[in-house]
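Notes for the one structure printed next.
The values are calculated or read from the model by the stated rules, or taken from the named source; none is laboratory data. Please read these numbers as outputs of a predicted model, since none were measured by experiment. Using ideal geometry, Cβ is built from the backbone for each residue, glycine included, and neighbour counts are taken over all protein chains shown. Areas reflect the complete protein model, heavy atoms only, side chains present, ligands, DNA and RNA absent. Shrake-Rupley method; radii C 1.70, N 1.55, O 1.52, S 1.80 Å.
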Amino acid sequence: ERPRLVDDEEGGVLLYTTSSSSSSGFGYGSLEKQRQRLPVYKYKTAILYSVETHATTIIVGETGSGKTTQIPQYLKEAGWAEGGRMIACTQPRRLAVQAVATRVTEEMDVKLGEEVGYTIRFEDITNEKLTRVKFLTDGVLLREMMDDPLLSKYSVIMVDEAHERSLSTDILLGLLKKIQRRRPELRIIISSATIEAKSMAAFFNTRRRREEEQGPTKEPAILSVEGRGFNVEIFYVDDPVSDYVRSAVSTVMSIHDQERMGDILVFLTGQDDIDTAIQLLTEEAQSSGKQGLVSVPLYSGLPRADQDLVFSPTPRGKRKVIFSTNIAETSLTLEGIVYVVDSGFSKQRFYNPISDIENLVVAPISKASARQRAGRAGRVRPGKCFRLYTEDYFSNEMSVVGIPEIQRSNLVSCVIQLKALGIDNILGFDWPASPSPESMIRALEVLYSLGVLDDDAKLTSPTGFQVAEIPLDPLISKMILASCELGCSEEIITIAAVLSIQSIWIPVRGVQKQLDEAKLRFAAAEGDHVTFLNVYKGFMQSNKSSKWCHKNFINYHAMRKVIEVREQLKRITQRLGIGLKSCEGDIQAVKKAITAGFFANAARLEPFSHNGMYKTLRTSQEVYIHPSSVLFRVNPKFIVYHSLVSTDRQYMRNVITIDPSWLTEAAPHFYQKQLHSSIPQ
Ligand code: ADP
Ligand code: MG
């Protein structure tokens with residue numbers, strides 16, 4: 001049962017509940033009829049023929065044309081899942097995997113986790129015997145290769161959303177090309193919302209001219225699914241806006257005032273933006289007495305029940321406003337959108353191999369993204385797109401396409417995965433887009449100092465193989481392994497679980513003081529990681545009570561997830577033959593284990609600094625403790641941080657105090673130079 005949006009007669013804006021509805025919720029025709037109306041339906045025979053006769057088929061089609069939900073079903077109907085084989089469909093985003101799998105089970109009228117299932121990291125909703133169609137993240141499919149290098153259980157692998165060029169998609173494409181040589185019977189489908197088909201086809205063109213050819217054609221087929229998108233009228237602002245969140249909200253208000261009914265999709269950059277926008281809209285609607293707006297957030301960390309609200313039908317006489325990250329750009333199809341408000345920004349990953357700093361920053365989108373966003377307005381009838389940037393900016397300053405993620409990422413995880421798959425010559429690997437040699441070298445250097453790679457750049461045994469086996473950032477995996485030696489693995493897997501979650505605190509605007517006070521109850525002088533241990537302990541002692549969480553400004557869903565992830569980590573460590581052990585309050589052991597993984601992220605308080613400025617030990621970058629940290633304003637001399645976020649400055653999130661001598665102990669090679677020059681003893 002899907003949750004439904006319900007009217008809130010008093011407030012005007014909001015609200016929804018998760019009470020279930022009895023109807024299927026769709027006002028037009030049966031699911032089967034809807035399926036047949038999708039653009040991709042007319043291409044069914046062509047697609048199946050192409051897959052039959054070609055090793056690789058590239059399918060380009062607009063968002064909403066039915067690629068993701070229909071093609072796996074066509075393949076199944078055509079028998080590609082018979083004889084114990086499976087059909088895989090990958091997505092870069094976890095949330096899309098869940099949403100699409102759910103939709104397909106509804107269309108097929110089967111139970112999720114049986115014939116159709118999905119797998120994302122730490123969540124496997126499949127059945128080994130029953131599942132024939134499997135949706136999964138590209139990252140999870142890469143992991144599966146560690147046990148099954150040729151992915152032999154799959155007959156067809158559909159790499160969806162290839163235009164996103166996520167890091168894992170690119171690695172996967174490179175590996176699939178290799179697998180194809182060994183498995184001529186394997187079929188690959190690459191599907192994408194934008195035309196980049198030619199370069200993809202060139203990449204997969206493995207035809208060897210002189211050889212006698214057997215089996216499927218090696219040259220990829222390209223199919224273009226003609227959509228029926230309606231015209232979208234584009235509007236620009238006359239002058240650049242200074243605050244895109246405010247500007248988005250006032251644009252929504254004026255659409256609501258002046259335009260015909262129809263839902264609004266607003267593209268912002270992240271949860272913080274989205275929460276602010278919803279609050280502003282609620283206030284504005286209330287103060288102006290405007291009725292009939294229902295606002296819904298959409299971002300990747302959203303709890304499952306809230307995700308479903310996005311897809312539930314808008315109540316009659318209401319206008320739904322979805323505030324989304326770029327997840328709604330192409331990964332998810334939303335019905336009923338007539339108006340799009342485009343901030344022109346998204347959160348993007350950037351990595352600088354010189355400073356070895358990776359950041360998620362709010363950055364301008366490309367023209368290709370802007371066009372996709374506008375296209376979301378033309379699905380049901382002619383629509384309008386309001387761009388919160390000038391026409392001049394669009395024409396003259398926006399880049400044409402985005403940069404593949406592999407060229408703007410830290411490659412530590414990527415390198416270790418390829419190494420684990422036995423790919424030794426990583427620089428010579430056949431990539432759809434080559435990463436920079438500097439980033440590669442940085443990654444090799446870090447892995448070497450972690451003790452994961454040996455002098456010949458091969459995985460060490462057992463450390464290297466064990467780190468590769470744990471599906472987490474290698475720095476975290478190393479921390480876990482170190483904790484086993486230090487006798488604090490019980491504590492460290494709790495910390496690892498918390499770090500894998502966006503935040504365990506409830507973001508509450510306006511009551512910052514209460515939140516800070518709540519945090520103080522758990523705060524540990526050693527830093528955030530130890531604070532997490534206190535929260536976890538409190539939660540367990542409360543008997544996992546949601547009331548307790550509420551009282552302490554702790555996100556109950558996040559804590560449930562922590563417990564789930566922790567269980568998984570426990571299983572993984574058991575599989576690696578590592579027993580769990582508690583240090584019984586010996587916090588120094590915990591901190592040493594953290595340092596063993598994160599020594600590269602060490603920073604020192606600048607002497608005589610009045611504003612809490614730190615410099616990273618290795619590259620002397622200016623960094624500051626994030627205001628959300630329990631060590632904010634405490635400013636201990638030496639710290640290790642988990643990650644950086646960049647806004648006006650580079651902020652270190654999740655920090656812990658250390659003794660600098662641990663650094664040289666943990667990574668002598670890494671800190672050789674600093675030992676003499678910059679770490680005062
Ligand atoms: P594509 O992958 O080409 O972007 P999809 O297969 O995701 O297209 O979507 C095809 C159609 O299926 C959409 O136009 C929409 O009508 C319907 N649909 C997809 N996902 C959902 C969902 N979660 N809820 C309701 N309808 C959906
Ligand atoms: Mg899709």
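In the chain, what % of DSSP beta bridges are antiparallel (nearest 5)? Don't skip to the answer; put the middle values down first.
Working: 32 of 88 bridges.
Roughly 35 percent of the beta bridges in the chain run antiparallel, per DSSP.
Mind checking the full-extension length gain between LYS33 and THR619? Use 0.36 nm per residue of separation minus the Cα-Cα distance, one decimal, nm. Could the numbers behind the result be given before it?
Working: separation 586, 0.36 × 586 = 210.96 nm, distance 6.02 nm.
Residue separation times 0.36 nm, minus the Cα-Cα distance, leaves 204.9 nm.
In terms of solvent-accessible area of protein heavy atoms at a 1.4 angstrom probe, what is the ranking of ASP356, ASP109, highest value first? Could you put the intermediate results ahead of the total?
On the way: ASP356 35, ASP109 135 Å².
Largest accessible area first, the list is ASP109, ASP356.
Quick one: Cα centre-to-centre distance for region 229-261 and region 517-556, in angstrom?
41 Å
Roughly speaking, what is the centre-to-centre gap between region 423-469 and region 123-142 when only Cα atoms are used, to the nearest Å?
One Cα centre to the other: 27 Å.
Would you give the gap between the C-alpha center of region 38-79 and the C-alpha center of region 150-195, rounded to a whole Å?
Result: 15 Å between the Cα centres.
Quick one: pull the percent of accessible area on region 234-327 belonging to carbon and sulfur, 1.4 Å probe, ligands and nucleic acids left out. Mind showing how you got there, number by number?
On the way: 1730 of 3840 Å².
Carbon plus sulfur share of accessible area: 45 percent.
Sequence neighbours fewer than 8 away in the same chain don't count; with that in mind, list the aspartates and glutamates whose C-alpha is under 19 Å from LYS519.
Hits, sequence-local ones excluded: ASP528.
Which semi-axes, in whole Å and largest first, does the equivalent ellipsoid of region 330-481 have when worked out from the alpha carbon gyration tensor as the square roots of 5 times its eigenvalues? Working shown, then result.
On the way: eigenvalues 325, 57, 36 Å².
Whole-Å semi-axes of the equivalent ellipsoid: 40, 17, 13.
Calculate what fraction, in whole %, of the accessible area of region 452-532 sits on carbon and sulfur atoms when a 1.4 Å probe is rolled over the protein chains.
Details: 1640 of 3250 Å².
Exposed carbon and sulfur together represent 50 percent of the surface.
Quote the convex hull volume per residue of region 535-681, based on C-alpha atoms, as a whole number of Å³. List each step's numbers first, then the result.
Numbers: hull volume 22.0 nm³, N = 147.
Per residue, the Cα convex hull of region 535-681 comes to 149 Å³.
How large is the helix-only mean residue ellipticity at 222 nm for the chain, computed as the sum of -39500 (n - 2.57) over DSSP H runs with n ≥ 4, divided by its residue count, in deg cm²/dmol to the nearest 500?
Numbers: 25 runs with 265 residues, N = 681.
Only helices count here, giving -11500 deg cm²/dmol.
Counting heavy atoms of the protein chains only and a 1.4 Å probe, report the per residue accessible area for the chain as a whole number of Å². Before the final figure, lay out each step's value.
Numbers: 29830 Å² over 681 residues.
Heavy-atom accessible area per residue stands at 44 Å².
Multiplying the sequence separation of ARG85 and ILE354 by 0.36 nm and subtracting their Cα-Cα distance, what value in nm do you get?
On the way: separation 269, 0.36 × 269 = 96.84 nm, distance 4.59 nm.
Extending this stretch completely gives an extra 92.2 nm.
Residue-wise, which Karplus ³J(HN,Hα) couplings in Hz belong to region 666-672, taking 6.51 cos²θ - 1.76 cosθ + 1.60, θ = phi - 60°, and x for glycine or proline?
Working through the residues one at a time gives 6, 9, x, 5, 5, 9, 3 Hz.
When all C-alpha to C-alpha distances in the chain are sorted into bins of 20 Å, what percent of pairs does each bin hold, rounded to whole numbers?
Spelled out per bin, shortest first, that is 17, 50, 31, 2.
Taking 10 °C and 1.306 mPa s as the conditions, I'd like the Stokes-Einstein D for region 508-613 in µm²/s, using the Kirkwood hydrodynamic radius from alpha carbon pairs.
For the chosen part, D equals 97 µm²/s.
In region 157-186, which GluC sites (Glu not before Pro) are in a loop and have at most 12 other Cβ atoms within 10 Å, using DSSP for the loop call?
Numbers: sites: GLU161, GLU164, GLU185; in loops: GLU161, GLU185.
Filter output for region 157-186: GLU185.
Using 0.36 nm per residue of separation minus the Cα-Cα distance, give me the extension gain between GLN588 and LYS129 in nm, one decimal.
Details: separation 459, 0.36 × 459 = 165.24 nm, distance 4.68 nm.
So the extension gain works out to 160.6 nm.
Quick one: which of LYS76/LYS153; LYS419/LYS478; LYS178/LYS419; LYS198/LYS419 span more than 20 angstrom between C-alpha atoms?
Numbers: LYS76/LYS153 14 Å; LYS419/LYS478 16 Å; LYS178/LYS419 15 Å; LYS198/LYS419 30 Å.
Beyond 20 Å: LYS198/LYS419.
Counting other Cβ atoms within 10 Å, which GluC sites (Glu not before Pro) in region 29-133 have at most 11 and lie in a DSSP loop?
Numbers: sites: GLU32, GLU52, GLU62, GLU77, GLU82, GLU106, GLU107, GLU114, GLU115, GLU123, GLU128; in loops: GLU62, GLU82, GLU114, GLU115, GLU128.
Of the GluC sites (Glu not before Pro), the ones in loops of region 29-133 whose Cβ has at most 11 other Cβ atoms within 10 Å are GLU82, GLU128.
Name the long-range amide H neighbours of PHE345: under 5 Å, sequence gap of 5 or more, or other chain; modelled H, no Pro or chain starts.
ILE365
Points 7 angstrom from Cα along the Cβ direction at GLN574 and GLU114: gap in nanometres?
2.9 nm
In nm, give the distance between the simple-model label positions of MET540 and ASP454, each being 7 Å from the Cα along the Cα-to-Cβ direction.
Once both label points are built, they end up 3.8 nm from each other.
Based only on the alpha carbon positions, what is the Kirkwood hydrodynamic radius of region 132-264, in angstrom?
Values: mean 1/r = 0.0532 Å⁻¹.
With all distinct Cα pairs of region 132-264 included, I get 18.8 Å.
Could you tell me what percent of the accessible area of region 548-681 is made up of carbon and sulfur, with a 1.4 Å probe and every protein chain present? Write down the numbers at each step before the final one.
On the way: 3190 of 6580 Å².
Answer for region 548-681: carbon and sulfur cover 48 percent of the accessible area.
With no other cysteine's Cβ closer than 4.7 Å, which Cys residues of the chain count as lacking a disulfide-compatible partner?
When partners are defined as cysteine Cβ atoms under 4.7 Å apart, the chain leaves CYS89, CYS385, CYS414, CYS484, CYS549 without one.
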